[in-house]
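Just so you know, all these numbers are worked out from the coordinates, no wet-lab data involved. Computed from a prediction, not measured in an experiment: that's the story for all the values here. Here the Cβ positions follow ideal geometry from the backbone for every residue, glycine too, while neighbour counts run over all protein chains shown.
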Amino acid sequence: MREYTLFGKREISVVVTLAEDDARVPLLFELLRKHDRTWIENHEDRYTEEELDNARLLLMWPNGECKIDGGIWRGTTYDLSEACPACGTPARQTSAMFMDGEDVPKLEGHRAGGTFVEVPCVDERLAEELEASGATGLYFRSVYAVMEDGRQVKLRWKQLCAKRSLPPMSPLTTGLVVTEQCEVCKRNAYMKTSDAPTRIVYRASDLADADDVNMTWEHYNEADLQPDMRETSLSYPYILVTPKVMRIIRAAGVTEFDWIPIRVVEGE
């Protein structure tokens, strides 16, 4: 499936979604070139309900419907004692999630969302439902808003966290590109790309003891350690969950996450 965002002289964007084999794709390109228009292609897979329900695990990806400014630069603290000395991956979070108080209005009308570095958050009611389900590997951290006057206000939201990391993905994984990767640990800067669908692959043996909620060994975002921790950029793990967790979140009416089934292979 391809998505095209078209930009014209008046900065009006139009999204066109077509299947890869749709006969109109080359005609669309021809029309755009004829009128000297530029575009951005986004290649994605689309999945049936059956494929989502039968997946071994799914990538839980905040899709931007509710995006908040939260993280280390807002006061969230991390322990780097066991992290890579060069890039800080994987830093261990030691505090609640702190977000910009100016972003509080963005939460209105939403039950879930994600930070600018794709850390998932849900409202307290949904967190309680997930905890009551007995989902393994799951825990939550509180979320605070840091107001302009420095006050820290606790919100009725929780950061969704995983207790442990899975082994590295299979090299058959595609759709994740590596940019500015740490040469010491090689665990950071695994970024989704619009050039190819995200297709995460794991060896079956590496998922034998997987929980309902898991972190990836690979981390998203480039890392840059600075003397001032609030100026530091860290890498963050992707969150992979079972269909059990997905169903609870979707039943709550949440549309703020995209769900991408992982693929499982023997060996490799």
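Some points to look at:
- Set of lysines near Lys244 by C-alpha distance (under 26 Å), chain-local residues within fewer than 8 positions excluded: Lys67, Lys158, Lys163, Lys192
- The separation of the range 64-112 from the range 221-268, counted between C-alpha centres, amounts to 13 Å.
- Computed over the chain, the Cα gyration tensor eigenvalues convert (square root of 5λ each) into semi-axes of 30, 24, 21 Å, ordered from largest to smallest.
- Average 1/r across all pairs of distinct alpha carbons in the range 102-232, invert it, and you get the Kirkwood radius: 17.3 Å.
- Stokes-Einstein D for the range 59-104, Kirkwood Rh over Cα pairs, 4 °C, 1.567 mPa s (µm²/s): 106 µm²/s
- D (Stokes-Einstein, µm²/s), Kirkwood Cα radius, the range 17-112, 1.002 mPa s at 20 °C: 115 µm²/s
- Mean separation of Cα contacts under 8 Å, 6 or more apart, over the residue count of the chain: relative contact order %: 23 percent
- For Phe257, the shell of other residues with beta-carbons less than 12 Å away shows a net charge of -2, using +1 for Lys and Arg and -1 for Asp and Glu.
- Local charge for Trp73 was computed over the other residues whose Cβ lies under 11 Å away, with Lys and Arg +1 and Asp and Glu -1, and equals -2.
- Summed side-chain charge close to Glu82 - residues other than Glu82 whose Cβ falls under 15 Å, Lys, Arg +1, Asp, Glu -1: +2
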